[in-house]
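**Student:** Supplied in structure tokens, the structure appears directly below.
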Amino acid sequence: MVVRVLGFLLIRWAVLAAAFAITAWLLSGVDVSGGFWAYVWVSAIFGIVNLLIGTVLRILTLPLMLLTLGLFSIFVNALLLQIVDGITDHFTIDEFWWTAIWAAIILSIVSMILDMIVRTVLASKAST
């Protein structure tokens, strides 16, 4: 059971690192410098920031989330990306308003697509 949970977390970490790589490649205002390990580092920092600060922000902004049918979560994710930008030198975002907003949108979409691909591959391996 513990091995399965650890494996799931490592896969999610790899998916998030790949999503950061694709987002930095697609969006000119986002840069991850330092190679492969920088993507791993940035995704780990983002995961921790998302867990600690993101949870509190989502609870505090719950009325806005409900009012906007969840669209306010884009701003919360953009703010979390800005926090990660402030924490690590390996990740930079040019400006908050457009670059961070677009980075939050692209990161969410890419992460969701990669997640679906990984789940499909794992499900097909489990059924054989």
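**Student:** Restricting to segment 21-45, name every residue that is under 16 Å from Gly86 (Cβ atoms) and either of a type in the set (D, E, K, R) or touching a Leu at 6+ places or on another chain (Cβ under 7 Å) (or both).
**Tutor:** Once the filter is applied, which keeps residues that are under 16 Å from Gly86 (Cβ atoms) and either of a type in the set (D, E, K, R) or touching a Leu at 6+ places or on another chain (Cβ under 7 Å) (or both), segment 21-45 yields only Asp31.
**Student:** Being crowded, with 16+ Cβ neighbours inside 10 Å and without any contact (Cβ under 8 Å) to a residue 60 or more places away in the chain is the filter; apply it to segment 13-31 and report the residue that is nearest to Gly47 (Cα to Cα).
**Tutor:** Checking each candidate, the answer is Ala17.
**Student:** Consider Ser108 carefully, then state whether it is of a type in the set (S, T, N, Q) and loosely packed, with under 14 Cβ neighbours inside 10 Å.
**Tutor:** No.
**Student:** Under 8 Å between Cβ atoms, at least 6 apart or on separate chains: pull out the pairs that start in segment 104-128 with a residue that is β-branched (Val, Ile, Thr) and end on any residue that is not in a helix (DSSP H, G or I).
**Tutor:** Ile106/Leu27
**Student:** Looking at Gly7, Gly70, can you tell me which residue is among the small types (Gly, Ala, Ser), part of a loop (DSSP other than H, G, I, E, B) and either touching an Asp or Glu at 6+ places or on another chain (Cβ under 8 Å) or modelled with pLDDT under 95 (or both)?
**Tutor:** Gly70
**Student:** Which of the residues spanning segment 26-63 are farther than 21 Å from Phe96 by Cβ and outside any helix (DSSP H, G or I)?
**Tutor:** Matches in segment 26-63: Gly34, Gly35.
The values are calculated or read from the model by the stated rules, or taken from the named source; none is laboratory data. Note that the structure is a prediction, hence the values are computed from the model and not measured. We place every Cβ from the backbone using ideal geometry, glycine too, and count neighbours over all the protein chains shown.
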